[in-house]
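Trainee: If you scroll down you'll find the structure; I have some questions about it.
The values are calculated or read from the model by the stated rules, or taken from the named source; none is laboratory data. Quick caveat: nothing in here was measured; it's all calculated off a predicted structure. Positions of Cβ are backbone-derived with ideal geometry, glycine not excepted, and every protein chain shown enters the neighbour counts. When the accessible area is computed, the model is the full protein with side chains, heavy atoms only, and any ligands, DNA or RNA have been set aside. Shrake-Rupley method; radii C 1.70, N 1.55, O 1.52, S 1.80 Å.
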Amino acid sequence: MLQEFLFSKIHRATVTDANLNYVGSITVDEDLMDAAKIKEWQKVDILDINNGERFQTYVIKGSRNSGCICLNGAAARKVQPGDKVIIISYACLEPKEIENHIPTIVMVDENNKITNLH
């Protein structure tokens, strides 16, 4: 039986843009994606610390070292530039994988630069 666990998160990222006229998704700086082991097109949860919104979308690559965190399409209505968000990915694990599983936590500063990775 598979069980769903936290795989990784980008903690307290700052929303840099909200683009209502895009098809959908969240654009994330590719450096942050790599650090959090998040793949393009992967489903993620977005938790907005400022307003309490929680929703799902998928990730598309943003330019490396840009600090980009842009909510697109309908999700743009749920955030404001400057909001702090947590971007969460999950993994379905077999019981034998659970015991040794350690999620990846990416801490960032107000410019979405990595300050701590564990």
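Trainee: Of all residues in the stretch 77-100, which are over 13 Å from the mean Cα position of the chain (by Cα), surrounded by 13 or more Cβ atoms within 10 Å (Cβ to Cβ) and touching a residue at least 12 places away in the same chain (Cβ under 8 Å)?
Mentor: Of all residues in the stretch 77-100, those over 13 Å from the mean Cα position of the chain (by Cα) come to 77-83, 91-100.
Imposing the further condition that a residue be surrounded by 13 or more Cβ atoms within 10 Å (Cβ to Cβ) reduces the set to 78-81, 83, 91, 93, 97.
Matches in the stretch 77-100: Lys78, Val79, Gln80, Pro81, Asp83, Ala91, Leu93.
Trainee: Taking into account only those residues within the stretch 101-118 that are over 15 Å from Ser8 (Cβ atoms) and assigned to a loop (DSSP other than H, G, I, E, B), which is most open to solvent (accessible area, probe 1.4 Å)?
Mentor: Initially, the stretch 101-118 is screened for residues over 15 Å from Ser8 (Cβ atoms), giving 109-113, 115.
Next cut, assigned to a loop (DSSP other than H, G, I, E, B) only: 109-113.
Details: Asp109: 44, Glu110: 122, Asn111: 96, Asn112: 5, Lys113: 69 Å².
My answer is Glu110.
Trainee: So, Ala74, is that one surrounded by 12 or more Cβ atoms within 10 Å (Cβ to Cβ) and at pLDDT 95 or above or not?
Mentor: Here the answer is no, as Ala74 does not meet what is asked.
Trainee: Of the conditions (1) among the hydroxyl-bearing types (Ser, Thr, Tyr); (2) out of contact with any Gly (no Cβ under 7 Å at 6 or more places or on another chain); (3) farther than 15 Å from Thr16 by Cβ; (4) in contact (Cβ under 8 Å) with a residue 24 or more places away in the chain, Thr115 clears all except one; give me its number.
Mentor: Result: Thr115 fails condition (4) only.
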